[in-house]
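Rule-based calculations on the coordinates, nothing more; no lab input. The structure presented is a predicted model; accordingly, all values stated were derived computationally and were not measured. Cβ placement follows ideal geometry from the backbone for every residue including glycine, while neighbour counts extend to all protein chains displayed.
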Amino acid sequence: MKRALYAGLVLGLVPIQTTVLQYASIGGIRPDLCLIAVCLVGFVAGEREGMLLGFVLGLIQDLFSAGDPGLNLVTKGLIGFLAGLVGKLLANATPVAMLATLLGLSVVSGTVFLMAVRVGEGLADLFFVTRSVLLPQALIDAVVGTGAYWLIARRGQADQATQEKHGPLW
C-alpha cells in the first residue's frame, strides 16, 4: 500500500502541479505540491522516507524544469529529512506543529531558490521578491499542507476508533 502511494505521488504530482494548479493559483502563486508531499511523508513516516521521496520528486522536477540541475533534488531531499526529524522529535504532533514546520521549511526552500536565481541582484529587489513571492508561497504551502495533514490525522483517528470498537480487521 505504501509503495503504491509513493508511486502515485512520484508519477502524479509534477504533472498535476504544472497543469491543473496553473488555473488554481492565488495571485500567480500556486502551492508546491512536491514540497508539501515530501514534508508530510517526512513528518509522518520518518526522515529516511521523507528524504528518499524528496530526492525522487526533486529529480523529476529537475528533469522537467529549466532551472538549475540538481537544485530541486538537493532541496527536496533535505526538506524531507528535516521534516522527518521534526516529526520524530515532537511528542504530540498537531496541525499547528505541521503548520509551523511547513512554513519554516517552505521559507528555507524558497530562500535557497531565491539565492540561486537572484545572485548579484540588489538588496531592494531581494526584499521585494521575498515579500511578494517567497512569503506568500510559504504561507500557501503551509495552509494546504496543514489541511492535508489534518485530513490524514483525522482519518487515522477514525480508523483507530473503529478498531477499538470492532476489533482488528484480520
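The angle between the Cα long axis of helix 2-18 and the longest principal axis of the Cα atoms of the chain comes to about 30 degrees, rounded to the nearest 10.
As a test of understanding, state the convex hull volume per residue of segment 1-68 from its alpha carbons, in Å³.
Spelled out: Cα convex hull of segment 1-68, divided by residues, is 98 Å³.
Taking Cα atoms only, the orientation of helix 95-117 departs from the longest principal axis of the chain by about 30 degrees.
Considering the values (i) 1.01; (ii) 1.56; (iii) 0.95, which represents Rg/Rh (Cα atoms, Kirkwood Rh) as calculated for the structure under consideration? Answer by label: (i). Modelled label positions at Val133 and Ala4, each set 7 Å beyond Cα in the direction of Cβ, lie 4.0 nm from each other.
Rounded to the nearest 20, the size of the Cβ-charge dipole of segment 2-166 about its Cα centre is 400 debye, with Lys and Arg at +1 and Asp and Glu at -1.
Between Ser65 and Leu21, the contour length at 0.36 nm per residue exceeds the alpha carbon distance by 14.3 nm. Per-residue packing, averaged as other Cβ atoms within 10 Å, sorts the ranges 126-138, 51-63 into the order 51-63, 126-138, beginning with the highest. Axis of helix 71-89 versus longest Cα principal axis of the chain: the two differ by about 40°, to the nearest ten degrees.
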